[in-house]
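Written below as structure tokens is the structure these notes are about.
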Amino acid sequence: MRLSTKGRYGVMAMYQLALNYENGTISIKDIAQKMDYSDAYLEQMFATLKKERLVTSHRGPKGGYRLSKDPDKITVGDVIRALEGPIEFSSCVGGSENYNCDKSGFCVTKDIWEQVNDSINQVIDNITLGDLLNKNKNSKIGQRS
């Protein structure tokens with residue numbers, strides 16, 4: 001299992017919105033420039049994030065995107081799931097595809113995969129964008145000029 005660029009870039013882009021939360025909106029062009037990402041790629045991600053109600057958009061000369069709620073209320077898990085779908089380490093433990101394994105009743109590894117899956121979800125669901133802001137308050141990480 002590997003997190004795609006969509007999930008990684010999405011968390012970083014949302015972090016940029018969190019940095020700017022008190023100041024209002026920020027344009028995709030500004031985010032792309034700060035992060036050295038493609039405008040078009042970010043546009044696709046923000047369309048999904050907007051559909052999932054994690055961001056709002058505003059038109060006009062001072063338009064752009066803004067977090068839909070306080071950074072302390074949006075988890076890394078919210079962002080990753082919005083962009084990547086459910087986090088499933090193995091098809092036999094995620095459940096989104098209703099996969100029914102004939103061997104699950106006596107599978108010696110199913111418990112391991114469930115623990116790994118639960119651990120990943122536990123971590124990403126307990127780190128908010130606000131936590132990232134606090135962690136990096138005195139750092140230059142994610143704050144390119």
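Odds and ends about this structure:
- Condition met for T5 (surrounded by fewer than 18 Cβ atoms within 10 Å (Cβ to Cβ), β-branched (V, I, T) and within 12 Å of the chain's Cα centre (by Cα)): yes
- When region 70-87 is filtered for residues that are assigned to a loop (DSSP other than H, G, I, E, B) and either buried (at least 19 other Cβ atoms within 10 Å of the Cβ) or in contact (Cβ under 8 Å) with a residue 12 or more places away in the chain (or both), the ones remaining, listed by number, are D70, I74, I87.
- All conditions in (1) touching a residue at least 24 places away in the same chain (Cβ under 8 Å); (2) crowded, with 16+ Cβ neighbours inside 10 Å; (3) farther than 30 Å from F106 by Cα hold for S90, with the sole exception of (3).
- Single residue of K6, K34, K62 found to be over 27 Å from I87 (Cβ atoms), in a helix (DSSP H, G or I) and modelled with pLDDT under 95: K34
- A40 vs. criteria in contact with a Ser or Thr (Cβ under 7 Å, 6 or more places away or on another chain) and free of Cβ contacts under 8 Å to residues at least 12 places away in the same chain: no
- Residues of region 9-26 classified as assigned to a helix (DSSP H, G or I) and either surrounded by 14 or more Cβ atoms within 10 Å (Cβ to Cβ) or of a type in the set (S, T, Y) (or both), total: 12
- Selection status of K29, basic (K, R) and assigned to a helix (DSSP H, G or I): yes
Here's the yes/no breakdown for (1) in contact with a strand residue (DSSP E or B) (Cβ under 7 Å, 6 or more places away or on another chain); (2) at pLDDT below 80; (3) surrounded by fewer than 12 Cβ atoms within 10 Å (Cβ to Cβ); (4) not small (G, A, S):
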site	(1), (2), (3), (4)
N98	no, yes, yes, yes
E114	no, no, no, yes
D125	yes, no, no, yes
G142	no, yes, no, no
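- Taken over region 40-90, the residue count meeting the criterion of being of a type in the set (G, A, S) and farther than 20 Å from T25 by Cβ is 3.
- Leading residue by the ranking (surrounded by the fewest Cβ atoms within 10 Å (Cβ to Cβ)) among those in region 38-59 that are modelled with pLDDT under 95 and part of a loop (DSSP other than H, G, I, E, B): R59
The values are calculated or read from the model by the stated rules, or taken from the named source; none is laboratory data. Just so it is clear, the model here is predicted, and its values are computed rather than measured. All Cβ positions, even for glycine, are placed from backbone atoms using ideal geometry, and neighbour counts span all protein chains on display.
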